[in-house]
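Asker: Pasting in a structure now, in structure tokens, and then I'll have a few things to ask.
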Amino acid sequence: MKKLKPRYLFFIISVVLITLCYSIYLFFVGSTYSVYIGYSGDVDLSTVSVEFSDNDVVRVNNIDKNRVDSLYSELVRVDVSSIGTGEVNMKISFTEDHSKASKMNVKENRLENIRLLVLPSGFIYNATYNNFNGLWESVIAQLAVLLVIVITSVISFKEKLKLGQFSYGMVTLGGAIIFCVITFVSWVMTLWLDSDISMLIRAKDLLENLCDSAKAFLILTFLPLLIFAFTLSISNILLVIHEGFRPRNLLGFLLGIFIVFSVVVIYITSRFSASGSQINKYMFTVISVEMEYLFCYFECMLLSTVICAIISTKHKIKTPLDYLIILGCAIRRDGSPTPLLKGRVDKAIEFDRMQNESFSHYAKFVPSGGQGSDEVVSEAESMKRYLVEQGIPEDRILKEDKSVNTYQNMAFSKKIIENDTDDIGNKRIGFSTTNYHVFRGYTLARIVKMKVEGLSAKTKHYFYPNAFLREFIGLLWNQKIRHIVFTIISTVVLSIFYFVLRY
């Protein structure tokens with residue numbers, strides 16, 4: 001049997017302890033309940049009367065007043081405790097005096113009917129208001145669980161980082177951490193802002209807060225996201241100035257337009273959810289919340305991909321490599337490498353010379369890239385010629401000239417290496433590409449089951465953001481099934497949640 005990792009053991013024990021502690025807390029406080037009734041005038045406690053349909057189920061312990069500072073109002077509080085089991089109707093009546101406010105002798109008789117359910121354990125549930133004693137404390141328990149999730153996820157993320165396991169799973173983990181941290185902050189703010197009216201919170205309110213977590217996330221991250229999109233737009237202006245006007249050079253502008261368009265659509269659908277028939281309200285509410293979660297999901301994926309991509313370029317290679325795959329890109333009309341491609345080759349040569357100085361070890365180069373319809377030679381041949389010009393012996397160059405994309409770069413290069421060695425599992429393999437392309441190289445190498453180390457070649461500062469967005473879109477497309485599954489599951493779950501809230 002495989003041994004459970006310490007972080008998962010920590011997660012299981014922590015969640016069990018939190019659940020146990022909250023259950024014990026409910027055991028001690030659940031047999032009591034306080035009914036709060038707001039009023040705007042003045043109330044003489046001697047006029048408060050409480051009647052039960054069954055006097056053998058609950059009893060009155062105390063009648064008092066409470067002031068809620070955030071609402072600037074008064075509450076009549078009736079404390080009861082369970083003495084039996086069953087269902088009981090509780091009738092509270094009192095006289096409310098408005099003479100001070102109106103300067104007239106105006107009195108109003110108030111009557112509140114509440115249905116209480118008492119379980120065999122003595123636990124009291126208010127079926128009228130859908131709450132119970134200890135409901136608000138459940139938010140603290142949820143926050144504790146959320147914090148445990150964040151801690152466990154961060155530990156997992158750091159372990160992947162330490163081992164150099166850059167994959168789309170790492171992006172998903174990072175996105176989950178971002179969402180959980182922002183949600184934790186928003187819940188803490190809610191806990192703090194609503195602490196004065198915690199006794200009036202219903203179970204339905206907490207479920208609505210859970211469903212609206214994406215909305216809180218969008219509100220807290222909207223401004224940083226706009227700044228991010230604005231920065232990308234500025235980089236697009238510089239890119240167009242230096243590289244010319246092409247549709248692919250406008251991804252930053254398109255992202256900004258997409259953000260604004262999405263927010264407008266979410267706002268419009270949320271407005272529809274507040275009017276019309278009950279069916280229309282339900283339908284547009286679900287659509288609006290689902291759009292919020294999808295927008296939030298892809299925002300988390302984008303932010304996490306940015307973080308993972310930057311981290312992957314900073315990853316330090318501490319041991320010598322036996323093979324260096326150089327990922328191809330477009331070449332010049334005369335067959336020579338472009339500055340972008342030359343940067344990838346130069347980075348591989350620089351690393352090889354450095355490891356020779358440190359470990360007296362040379363690597364074999366695997367230039368990878370086929371020949372396009374407008375290219376006079378293959379990208380691999382162009383790189384091989386440049387490698388030879390830089391003093392690399394031909395017997396250390398293994399050319400792979402059949403691939404047409406990055407996936408094939410990795411898959412076909414792996415076959416080249418397997419043909420060159422009988423023990424690829426014990427060989428250390430690296431790949432060299434431009435900084436914006438490193439993370440995707442890791443993910444594709446993982447797909448072909450090849451463990452690699454990435455080398456990051458620099459590119460022009462104005463080129464990087466737009467090129468990275470292209471890589472992000474490529475990553476989304478590679479994982480399209482995962483995104484479709486998430487969309488379907490989230491739609492079903494949110495529909496069920498709001499069906500429960502409605503009925």
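Throughout, read-outs are computed from the coordinates displayed, never taken from laboratory work. Small disclaimer: the values here were computed from a predicted structure and weren't measured. Please note: Cβ atoms are built from the backbone with ideal geometry, for glycine as well, and neighbour counts cover all protein chains shown.
Asker: Run the simple label-point estimate for Lys449 and Phe230 please: 7 Å along Cα→C-beta, distance reported in nm.
Answerer: A separation of 5.0 nm, rounded to one decimal place.
Asker: How far apart, in nanometres, would the label points at Asn130 and Gln165 be if each is projected 7 angstrom from Cα along the Cα-to-Cβ direction?
Answerer: 4.1
Asker: Now for a different question. Hey, with R₀ at 30 Å, roughly what FRET efficiency would Ile237 and Asp374 work out to, going by the Cβ-Cβ distance, to 0.05?
Answerer: Working: r = 29 Å, r/R0 = 0.95.
Between Ile237 and Asp374 the formula returns 0.55.
Asker: Which lysines have a Cα lying under 20 Å from the Cα of Lys65, excluding residues fewer than 8 positions away in the same chain?
Answerer: Within reach: Lys91, Lys100, Lys107.
Asker: With runs of 4+ DSSP H residues as the only contributors, calculate the mean residue ellipticity of the chain at 222 nm using -39,500 (n - 2.57) per run, divided by the residue total and rounded to the nearest 500. Spell out each step's value before the answer.
Answerer: Values: 14 runs with 275 residues, N = 503.
Dividing the helical sum by the residues of the chain leaves -19000 deg cm²/dmol.
Asker: Once both labels are modelled 7 Å past Cα along the beta-carbon direction, what's the Leu193-Asn405 spacing in nm?
Answerer: With each label placed 7 Å out from Cα toward Cβ, I get 4.5 nm.
Asker: Something else now. Under the classification rounded if a/c is under 1.5, otherwise prolate if a/b is larger than b/c and oblate if not, where does region 382-490 fall, given a ≥ b ≥ c as square roots of the Cα gyration tensor eigenvalues?
Answerer: oblate
Asker: Follow-up. If I take every Cα pair under 8 Å that is 6 or more residues apart in the chain, average their sequence separation and divide by the length, what percent do I get for the relative contact order?
Answerer: 12
Asker: Next up: Would you mind getting me the FRET efficiency between Ser49 and Val492? Use the beta-carbon distance for r and R0 = 51 Å, nearest 0.05.
Answerer: 0.60
Asker: Work out, step by step, the length gained on full extension between Arg271 and His483: first 0.36 nm times the residue separation, then minus their alpha carbon distance; give nm to one decimal.
Answerer: 73.6 nm
Asker: Beyond a 21 Å Cα-Cα separation, which of these cross-linked pairs lie in this structure: Lys364/Lys460; Lys427/Lys451; Lys414/Lys480; Lys347/Lys460? Working shown, then result.
Answerer: Working: Lys364/Lys460 28 Å; Lys427/Lys451 9 Å; Lys414/Lys480 25 Å; Lys347/Lys460 15 Å.
Over 21 Å Cα-Cα: Lys364/Lys460; Lys414/Lys480.
Asker: Two-decimal Rg/Rh of the chain from alpha-carbon positions, Kirkwood Rh?
Answerer: Radius of gyration relative to Kirkwood radius: 1.15.
Asker: Which of the peptides 179-188, 166-175 is most tightly packed, and how do the rest follow, judged by the mean count of other Cβ atoms within 10 Å per residue?
Answerer: Highest-to-lowest ranking by the protection proxy: 166-175, 179-188.
Asker: Moving on. Would you mind calculating the gained length between Ser93 and Val154 on full extension (0.36 nm times residue separation, minus the Cα-Cα distance), in nm to one decimal?
Answerer: Computed gain between Ser93 and Val154 is 16.6 nm.
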